[in-house]
Amino acid sequence: MARRVVARAGEIEPGARKLVEVAGRAIVLFNIGGEFFALANRCPHKNGELCKGRITGLVSSPEPGVYDYTHQGEVIRCPWHGWEFHIRTGKSWCDPRTMNARAYDVKVEKGAMLVEGPYVAETFPVRVEDEYLVIEV
């Protein structure tokens, strides 16, 4: 898989998202409390743009009259039909066996680590002030 630099880590505040294009694919980056996740910007149900969906949590009920709100800020709801996907995994809450959003691994790497290669050239001191998000596609 190819590694691609897609954004600076500081560009996406906690709780926010950013739409990027990687190798012709629309991918949404999410920052959940300083952790970064990426999903294809396509709901597998009818191709709705997940980047336009509402970020929410999961409401479940173990019994009538009892409600639990979990995964706060970790669920994206498709703006077209309301299908919900776990941002961390891409799994659907409606049908996790067959209906999942494509998830991508995201790594935060120092800028200096992205310059490695098979050739050696004269080097000069460089300061790295930001971290960048890297996706494997």
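Assorted remarks:
- Long-range HN-HN contacts of Ala7 with modeled amide H, under 5 Å: Leu133
- FRET efficiency estimate (nearest 0.05) - Cβ-Cβ, Thr70 to Arg8, R0 41 angstrom: 0.85
- Unit charges on C-beta of K, R, D, E only; dipole of segment 3-136, Debye: 500 debye
- Structure-derived Cα Rg over 2.2 N^0.38 Å - corresponding label in [x] 1.06; [y] 0.98; [z] 1.25: [z]
- Prolate/oblate/rounded call for segment 23-94, Cα gyration tensor, a/c under 1.5 rounded: oblate
- Cut-off under 5 Å, modelled amide H: who pairs with Arg102 long-range: Ala40
- Considering only Val66, Val106, Val28, the mean-square fluctuation computed in a Gaussian network model of the chain, springs between alpha carbons under 10 angstrom, is largest for Val66.
- For Ile32, distant residues with modelled amide H under 5 Å away: Gly15, Phe37
Readers should treat all values here as calculations from the given coordinates under stated rules, not as data from a laboratory. Source: prediction; values computed, not measured. All Cβ positions, even for glycine, are placed from backbone atoms using ideal geometry, and neighbour counts span all protein chains on display.
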